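Colleague: Quick one: the structure is below, questions incoming.
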Amino acid sequence: MSKSVDNLAKIKHSLTRRNRAEARFRWYGRIAIFIGLSAVAVLFVDIISKGHGAFQATYINLDVSYNQDIIGIDNLMDSTQLVAGDWQALSKTALRTKFPQVSGRSDKRELNNLLSSGAGFDLKDRLMAKPLLLNETESIWILADDDIDTYYKSWLDGDAYAARLSEKQIGWIDELHQQDLIRLQLNTNLFTRGDSREPEQAGILGAVMGSILTLVLTLLLSFPIGVSAAIYLEEFAPKNKWTDFIEVNINNLAAVPSIIFGLLGLAIFINFFHVPRSVPIVGGLVLTLMILPTIIITSRAAIKSVPPSIREAALGMGASKYQMVLHHVLPLALPGMLTGAIIGMAQALGETAPLLMIGMVAFIVDIPGSFTDPATVLPVQIFLWADSPERAFIEKTSAAIMVLLTFLIIMNTSAVWLRKRLERHW
Amino acid sequence: MQATNILILLLSLGAVAFYLGRSRSLAIAAPLGGIRKLHSLPSYYGMHTALWCGLPSLVLLGLWLMFDQPVINSVVISSLAADITPIDTASYNLLLNKIDNLAQGILPRKGQSDSLIAAADHMVSLKQISRWSLTALSLALSTTGLFWAWRKIGSEFRARPAVEKVIQNLLLACACLAIFTTLGIVLSVLFESIQFFRSVPIYDFVFGLDWSPQTAIREDQVGSSGSFGAVPLFVGTLLVSAVAMFIAVPIGLMSAIYLAEYASKNVRSVAKPALEVLAGIPTVVYGFFAALTVAPFLRDLGASVGLSISSESALAAGGVMGIMIIPFISSLADDVITAVPQSMRDGSLAMGATRSETVRRVVIPAALPGIVGGIMLAVSRAIGETMIVVMAAGMAAKLTANPLESVTTVTVQIVTLLTGDQEFDSPKTLAAFALGLMLFIVTLLLNIFALHIVKKYREQYE
């Protein structure tokens, strides 16, 4: 009798222990998911908090007089004069008139450093667009230097970063601020310009265009090839060693490190076939080879999901095997294939390492317009900016990351939407 | 004529051929009593004609564009006078570049030697000849093909099987591209590596303890000083990957178990995609995050407890890499855990085991091969990961197992060796290919083994 009570007590005792272990185990799971999710949150918050400022830039309001004597020209139609003209003098004179008390070489240089080094050329463009302004005076917002921009934004946030400014410059900014002559404005440069050594003039348009050109080529090559390969393997391939070998190859290529594809591109396309470096053609070719396995695998899954009854019905009506595939299987599998293509393109859009190998890492100011122009892509631009020493580039890098992530989110959500919307369940 | 123009011309010729073939088949069919008297549908006759018209010349165009530049180059170089004929590949490329720039008018002709200018003129004329002969040949080929196929059209001609045969071969060619890619990778990496191992013995490379490729610029040091010993890189790679796995495996595995066994449908439908967001973030973003947020944070944290952590520590790079790999492991583990038959769980629960005991004693052992396979795939990804380590790990090759120090990895060295401006056959660039070969072999073995395990396991329960 007492023995069974003993056992019961033992079981009861162990039960509480086991239940506690059970609860602990659940908590481990919850904690793991919490860590994963908080990593997502921290990453996004970090990037956004670093990068949101880059969508605005600091501008200073000055009265610019487009005096032809200051520039040193007398005819706006004469291109040699335009090249020789001292456009920087426009912005310098405007600053000098705003702060007439400044004298001395170093003080003047510090004063000039308030404005972006490209300010003169912006004024030139403005004058070329409106030639009537010649010899007139107008009050205009001019782009400030990146150090001023960094200081002004951090000062507005209450945590001024003044390491790269002199006391005098801070004083001038205070003065401008009190007169409401300095303000934050939408940073259009970020979206309308190519790369630059000056953070305030650097934009992502060149990189975005490079990405678009590269991706267009990648899509044009990889989608037809990938779908054809998938059709062959699913519908026509005989069951033999050769087919098995192809499948093993595809599965392995899907897991080969992307940098190896860069080595392939460098050795084969550039050194053997002498395709020029840094152009979207090489980038597109390398990325095509890289994402082909993804597209083939997803396309095969899509073809597999079409029920055999459809095939049998088509064959029974006298269709040839190709008519069956082209007229019936392919249209039904297309949504799944498109989803795979979008996922593959998202992978290609975010890829950096292989493109470093084939020279798409160059400093390129011009905006690429064709497949054979030297170009860089958005992730590589992020890499280049992240490597730059200027503090203002941190902000720019985060902003470029935000743009890249936005593109990726749009692509991935549309893939999910497409799958939900168009895929049929049999 | 430009290649794109030729392409457009060929495509429009193909369209014309389609129309011609189709209308001829219709014309033949009309007196016989309609298209039912034809063997195939009219569009197949059109397609057949178009394929014969377009395909041969498209192949010709592709091959020509691939090989005309190398052929022209070698012809130009071989026609040079003996005294300026280049001796090694570096000066060969330099000379070729110069001639090419002269030919394109990028380089001014003034001040160049007569033989160079003659070579440039030679190149210009060869290029012109090449383009014109390409145009003439491809046009001749397509018109011949068109005419031949057009002649063959008749009511008895089996156009559909003929077209389908061609399409099948095209499909097969697309599928074989995967093999050619693998072959291309193996050949390109192997070829350069063999060249590298001629100057640096393979033993010194694989087992050498000192990596300092910078000193190898001087000729007398190549291969003799043993400065291409890759062991520090292998150790660094393993260290970073180990840190990554240390973070990714427990978190990935536990979240997979929780999502598969415990979570309600609602939690699962939110948490799973949210975790998978991590998989969609580009690696360059992780690199930026590691270099600018995690590494300074760890350094400051270490400083506050009196620990010196390098600002390029293996911990920061590996930790962020681990976060990147979490969704990879969790989704693979999720797949294998849900593949374990419900009857096994039911049996265990019916015997009085708690759910965690069921998971630990029944589900995990049953799913273990698949999980191990998934982890191996993840290891192969960690080893091959590039951007995070390029941005957040160091450059200096140190032989250390301390994750708080800065280490360098195989992929970092490949990128640093190849993004410079050195000529292509210097030991420095070739060393990158040798490293690439190592990387390829290791990841390939891991992948083959892991895929084999995963596949075998899947079949077990299907």
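Here, each number is a calculation from the coordinates, and none is a lab measurement. As the structure is a prediction and not an experimental result, all values here were calculated from the model. In this analysis, Cβ positions are derived from the backbone assuming ideal geometry, glycine residues included, and neighbour counts consider all displayed protein chains.
Colleague: Grab the beta carbon distance between A:K10 and A:S305, set R0 = 41 Å, and tell me the FRET efficiency rounded to 0.05. The partial results should precede the final answer.
Modeller: Details: r = 54 Å, r/R0 = 1.31.
With R0 = 41 Å, the Cβ-Cβ based efficiency is 0.15.
Colleague: Turning to a different aspect of this structure: Which distance in nm do the two modelled labels at A:N67 and A:E198 give, with both placed 7 Å along the Cα-to-Cβ direction?
Modeller: 2.3 nm
Colleague: Then there's this: Would you work out the relative contact order for region B:3-157, in percent, from Cα pairs under 8 angstrom that are 6 or more residues apart?
Modeller: Answer for region B:3-157 is 36 percent.
Colleague: Let me know the whole percent of all Cα-Cα pairs from region B:297-346 that are separated by more than 14 Å.
Modeller: 67 percent
Colleague: What's the exposure ranking of A:W172, B:W150, going from fewest to most Cβ atoms within 10 Å?
Modeller: B:W150, A:W172
Colleague: Same structure again: According to a simple spin-label model (label point 7 Å from Cα along Cα-to-Cβ), what is the distance in nm between A:A163 and B:L187?
Modeller: 5.2 nm
Colleague: Within a 10 angstrom radius of the beta carbon, how do B:Y45, B:Y286 rank from fewest other beta carbons to most?
Modeller: Working: B:Y45 32, B:Y286 23.
Going from least to most buried by this count: B:Y286, B:Y45.
Colleague: Give me the inter-chain shielding for B:162-174: mean count of other chain Cβ atoms within 10 Å, whole number please.
Modeller: 5
Colleague: Per-residue Cβ counts within 10 Å, from other chains only, averaged over B:257-264: what number is that?
Modeller: 4
Colleague: Given +1 on the Cβ of Lys and Arg, -1 on the Cβ of Asp and Glu, and no further charges, what dipole in debye does chain A carry about its Cα centre, rounded to the nearest 20?
Modeller: Numbers: 38 positive and 39 negative charges, 622 e Å.
That gives chain A a dipole magnitude of about 2980 debye.
Colleague: If I take R0 = 35 Å and measure r between the Cβ atoms of B:K456 and B:A3 in this structure, what FRET efficiency does the formula 1/(1 + (r/R0)^6) give, to the nearest 0.05?
Modeller: 0.10
Colleague: May I ask you to list the residues of region A:26-54 whose amide nitrogen lies under 12 Å from a point 7 Å from Cα along the Cα→beta-carbon direction of A:V416?
Modeller: The answer is none.
Colleague: Where does the protein assembly as shown land at 222 nm, in deg cm²/dmol rounded to the nearest 500, when only DSSP H runs of n ≥ 4 count, each adding -39500 (n - 2.57), divided by all residues? Spell out each step's value before the answer.
Modeller: On the way: 36 runs with 608 residues, N = 888.
After summing the helix terms and dividing by the residues of the protein assembly as shown, the value is -23000 deg cm²/dmol.
Colleague: Can you list residues from other chains, or at least 5 along the same chain, whose modelled amide H is less than 5 Å from the amide H of A:I142?
Modeller: Answer set, sorted by chain and number: A:I60, A:N61, A:L62.
Colleague: Principal axes first, then extents: for the Cα atoms of the protein assembly as shown, list largest minus smallest coordinate on each axis, whole Å, largest first.
Modeller: 103, 101, 62
Colleague: Separate question: Using only Cα atoms and rounding to the nearest 10 degrees, what angle (0 to 90) does helix B:295-304 make with the longest principal axis of chain B?
Modeller: 20 degrees
Colleague: Report relative contact order for region A:55-192 in percent, whole number only (criteria: Cα-Cα under 8 Å, sequence separation at least 6).
Modeller: In percent, rounded to a whole number, it is 41.
Colleague: Round to a whole angstrom and tell me the spacing of the C-alpha centers of region A:71-101 and region B:284-350.
Modeller: The distance from the Cα centre of region A:71-101 to that of region B:284-350 comes to 57 Å.
Colleague: Which whole-angstrom value gives the distance between the alpha carbon centres of region A:130-204 and region A:321-345?
Modeller: When both Cα centres are located, 52 Å separates them.
Colleague: Report relative contact order for chain B in percent, whole number only (criteria: Cα-Cα under 8 Å, sequence separation at least 6).
Modeller: 16 percent
Colleague: Another one. Which order results if A:H13, A:H328, B:H48 are arranged by neighbouring Cβ count within 10 Å, fewest first?
Modeller: So the residues, fewest neighbours to most, are A:H13, A:H328, B:H48.
Colleague: Taking amide hydrogens as modeled 1.01 Å from N in the peptide plane, which residues meet the under 5 Å criterion relative to A:Q56, leaving out close sequence neighbours?
Modeller: A:N187
Colleague: Additional query: Could you give the length gained on full extension between B:I194 and B:M66, defined as 0.36 nm per residue of separation minus the Cα-Cα distance, in nm?
Modeller: Length gained between B:I194 and B:M66: 43.6 nm.
Colleague: Would you kindly state how much longer the chain becomes between A:W242 and A:A319 on full extension, computed as 0.36 nm times their sequence separation minus their alpha carbon distance, in nm to one decimal? Before the final figure, lay out the partial values.
Modeller: Details: separation 77, 0.36 × 77 = 27.72 nm, distance 2.79 nm.
Between A:W242 and A:A319, full extension yields 24.9 nm more.
Colleague: Just to be sure I understand the model, the point goes 7 Å from the Cα along the line to the Cβ. What's the resulting A:H274 to B:I35 distance in nm?
Modeller: For the pair A:H274/B:I35, the computed spacing is 4.9 nm.
Colleague: Hey, another quick one. Do any trypsin sites (Lys or Arg not before Pro) in region B:301-366 lie in a DSSP loop with no more than 13 other beta carbon atoms within 10 Å, and if so, which?
Modeller: none
Colleague: What FRET efficiency comes out for the pair A:D78/B:S155, r = Cβ-Cβ distance, R0 = 51 Å, nearest 0.05? It would help to have the intermediate numbers written out before the result.
Modeller: On the way: r = 75 Å, r/R0 = 1.47.
The value I calculate is 0.10.
Colleague: Across the residues of B:378-386, average count of Cβ atoms on other protein chains within 10 Å?
Modeller: Counting other chains' Cβ atoms within 10 Å and averaging over B:378-386 gives 3.
Colleague: Further, regarding this structure: Under a point-charge model restricted to the Cβ atoms of Lys and Arg (+1) and Asp and Glu (-1), what is the dipole moment magnitude of region B:3-157 relative to its Cα centre, in debye to the nearest 20?
Modeller: Roughly 900 debye for region B:3-157.
Colleague: Considering only DSSP states other than H, G, I, E and B, which trypsin sites (Lys or Arg not before Pro) in region A:132-196 qualify as loop sites with at most 14 other Cβ atoms within 10 Å?
Modeller: Taking region A:132-196 and a limit of 14 other Cβ atoms within 10 Å, no loop trypsin sites (Lys or Arg not before Pro) are found.
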